1. Output the number of residues of segment 10-43 satisfying the condition of being in contact with a strand residue (DSSP E or B) (Cβ under 8 Å, 6 or more places away or on another chain) and more than 20 Å from SER289 (Cβ to Cβ).
2. Which count do you get for residues in segment 12-30 that are out of contact with any Asp or Glu (no Cβ under 7 Å at 6 or more places or on another chain) and in a helix (DSSP H, G or I)?
3. What residue, among those in segment 29-58 that are more than 11 Å from ligand 2 (Cβ to nearest atom) and within 15 Å of ILE271 (Cβ to Cβ), is nearest to the chain's Cα centre (by Cα)?
4. Just one of ASP115, ASP137 is among the acidic types (Asp, Glu), without any contact (Cβ under 8 Å) to a residue 40 or more places away in the chain and on the phi < 0 side of the Ramachandran plot; which is it?
5. So, in segment 191-207, how many residues would count as being crowded, with 18+ Cβ neighbours inside 10 Å and either in contact with a Pro (Cβ under 9 Å, 6 or more places away or on another chain) or at pLDDT below 95 (or both)?
6. Residues ASP88, ASP76: which one is surrounded by fewer than 21 Cβ atoms within 10 Å (Cβ to Cβ), of a type outside the set (Ser, Thr, Tyr) and touching a strand residue (DSSP E or B) at 6+ places or on another chain (Cβ under 7 Å)?
7. If I filter segment 102-115 for residues that are under 18 Å from the mean Cα position of the chain (by Cα) and either crowded, with 20+ Cβ neighbours inside 10 Å or of a type in the set (A, V, I, L, M, F, W, C) (or both), do I get at least one hit?
8. Output the qualifying pairs, or none if there are none: Cβ atoms under 6 angstrom, residues six or more apart or on different chains, first residue in segment 179-200 and more than 24 Å from PRO156 (Cβ to Cβ), second residue of a type in the set (D, E, K, R) and at pLDDT 95 or above.
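The values are calculated or read from the model by the stated rules, or taken from the named source; none is laboratory data. Just so you know, these numbers come straight off a predicted model, no measurement behind them. Cβ atoms come from the backbone with ideal geometry, glycine included; neighbour counts cover every protein chain shown.
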Amino acid sequence: MLVFAASDKGGSGRSVTSCNMAYRRALQGDTVAYLDFDFGSPTAGAILDVPVAEHGVDGSGLHSYFTRHTEARQLDTALHSESGAMRDLPSVSSVGRLVLLPGDRGGGEFAIGRDMPARCAQLFLRLDREFDCCVVDLSAGRSYALDLVLEATARPELAKLTTRWLVFHRWTKQHIVSAHGLVFGEKGILHAAERYGHDPRTLNESVRYVRTAVVDLGVDQESVTRAPQGAWLRAYDSKLREQADRLRMGRARLAGQIPYDPMLQWSGQVIDDSDVRGLRIANEATVQSFEELAARLSDERFWEGL
Ligand SMILES: Nc1ncnc2c1ncn2[C@@H]1O[C@H](COP(=O)(O)OP(=O)(O)OP(=O)(O)O)[C@@H](O)[C@H]1O
Ligand SMILES: [Mg+2]
């Protein structure tokens, strides 16, 4: 399965959420590859706590794979991460694995050369055979990376692969509008996809949305929120929900809603069960939402045509 993680805006929570989703998927028993296609700023290694790839790797990352035809480096997080969560993964799940394919250190955006879509398709085919789930973290907005994967996935050799799209956005008016524009806008994913030979309706059926860093309006919040503030938050939340419904980004298309978590705000990392139950520095609801999002990826009923 290929999972494309997209967002219109930077700082939307796309990478932090995707890394946590990938980790949860591995805990659930999948072999997972995490491809850092954020070519302008390849920092997935920092989230996964892989020091050798904190800001990409030297000359053997995905930039080099595309621009210099080298092999793409694969870093198993059980061996290369300093995070206890990922080091312990093999003992918690005997089959699950999380492998990072980093970008290049200092590598920036590059224009798509003629051979790149075929090379990209080759990479996806190979990884799809090797891994249960491949998460592709794309640069924000309409980027070269986005065009590259749209062109690659339109190729006939990829027609049989299961492909999902997750569009991440913060729970604000501005982010909802911009995420909608990324998918449906004149220069959005669906129009671009059509130009590369995709059927836009079929592609749209594989798009779901993830709301990130959403303030929890539940019982706990009541005790720390002043009454007028709580009332305003609830009223505004329902306005945002109406807006999302109008833009075809409502509940039926919602793959996940990740609560705001102070630990993530500051650390932007993978949360481990011991952060919740042992150290108690992260919230249970956050981990639960990552687990649910991860499980949703293979919930066929959820991905059936709407
Ligand atoms: N659930 C959350 N609760 C609180 N803060 C969060 C949450 N998710 C992400 N963040 C914060 O938002 C910041 C941006 O998240 P992230 O790096 O995942 O965004 P991005 O969309 O990948 O951005 P970019 O396009 O720049 O790569 C993180 O550094 C983290 O501080
Ligand atoms: Mg990112």
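1. Result for segment 10-43: 8.
2. Residues flagged as out of contact with any Asp or Glu (no Cβ under 7 Å at 6 or more places or on another chain) and in a helix (DSSP H, G or I) within segment 12-30 amount to 10.
3. LEU48
4. ASP115
5. 1
6. ASP76
7. Within segment 102-115 (the criterion being under 18 Å from the mean Cα position of the chain (by Cα) and either crowded, with 20+ Cβ neighbours inside 10 Å or of a type in the set (A, V, I, L, M, F, W, C) (or both)), the answer is yes, since at least one residue qualifies.
8. Cβ pairs passing all conditions: ALA179/ASP8; LEU182/ASP8; LYS187/ARG142.
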